[in-house]
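Engineer: One structure, pasted below without further comment.
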Amino acid sequence: MPTIDPQVPLNERAIAMARRLTRQEFEINVTFHSFGLQETDESNVPVSYPDDPPEYGQFLHVRPGRLDFFSGGHTHAAHAIVEVWDGAPTAEEAGRWEDQAEDTLTTVGGELIFWDMGKTEDVVQLGETGGTWGVRVASSGRSEVAELEEQGEDADGVEQYLLQFWRK
């Protein structure tokens, strides 16, 4: 919570905005319209990816220690930017993104790893410890990927994801 100096006139008071702490970029292999992000230590995840998949077409599905994503395309490489913030970031402009979702993720260790057909080497560092995290996900290029794949064309790099995390 920002502090307000009562000596500063109301029209001059500045409210502190959330600051981005880290930013990581990844290329994610999408298979069967999906990929996951879950705790690096699988023993902390009651149901590991890709077991018990979400309903077909569900953009984001959150479970304890795990996020499942549904892509616009069957098999391609997507680009993901993962940011960790010191508070809830300002919401992204809706017109820029095809889909957006916001939820809460509970982790034990504070480290997540991407999954496609198996565990990748791409580790997301949320923090030194686990806890409860707000997560906002936005995606673009979804309909374009579906269209390109339907035409038999390469769709790599077309679909983009922005994942933002902050402690709750």
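The values are calculated or read from the model by the stated rules, or taken from the named source; none is laboratory data. Being a predicted model, the structure only gives us computed values, none of them experimental. In this analysis, Cβ positions are derived from the backbone assuming ideal geometry, glycine residues included, and neighbour counts consider all displayed protein chains. We work out accessible area using only protein heavy atoms, side chains counted, and drop any ligands, DNA or RNA first. Shrake-Rupley method; radii C 1.70, N 1.55, O 1.52, S 1.80 Å.
Engineer: Looking only at the stretch 20-60, how many residues end up being part of a strand (DSSP E or B) and touching a Lys or Arg at 6+ places or on another chain (Cβ under 9 Å)?
Structural biologist: Here the count works out to 4.
Engineer: Something else: Within the stretch 92-120, restricting attention to residues that are more than 15 Å from the chain's Cα centre (by Cα) and in a strand (DSSP E or B), which residue is surrounded by the most Cβ atoms within 10 Å (Cβ to Cβ)?
Structural biologist: Within the stretch 92-120, the match that is surrounded by the most Cβ atoms within 10 Å (Cβ to Cβ) is Thr120.
Engineer: In this structure, is Leu10 farther than 20 Å from Phe165 by Cβ and either at pLDDT below 95 or surrounded by fewer than 18 Cβ atoms within 10 Å (Cβ to Cβ) (or both)?
Structural biologist: Yes.
Engineer: May I pose another question? If you go through the stretch 121-135 one residue at a time, how many are farther than 15 Å from Gly36 by Cα and either open to solvent by less than 50 Å² (accessible area, probe 1.4 Å) or touching a strand residue (DSSP E or B) at 6+ places or on another chain (Cβ under 7 Å) (or both)?
Structural biologist: Of the residues in that region, 8 qualify.
Engineer: Could you check the stretch 136-168 and list, in sequence order, the residues that are open to solvent by less than 30 Å² (accessible area, probe 1.4 Å) and more than 14 Å from Ala77 (Cα to Cα)?
Structural biologist: Arg136, Val137, Ala138, Leu162, Leu163, Gln164, Phe165, Trp166
Engineer: Then there's this: Report yes if Tyr49 is out of contact with any Gly (no Cβ under 7 Å at 6 or more places or on another chain), aromatic (Phe, Trp, Tyr) and at pLDDT below 95, otherwise no.
Structural biologist: no
Engineer: Same structure again: Return the pair list, or none, for Cβ contacts closer than 7 Å from residues in the stretch 133-147 that are closer than 9 Å to Tyr161 by Cβ and in a strand (DSSP E or B) to residues that are among the aromatic types (Phe, Trp, Tyr) and open to solvent by less than 10 Å² (accessible area, probe 1.4 Å), at least 6 apart or on different chains.
Structural biologist: Pairs found: Val137/Tyr161; Ser139/Tyr161.
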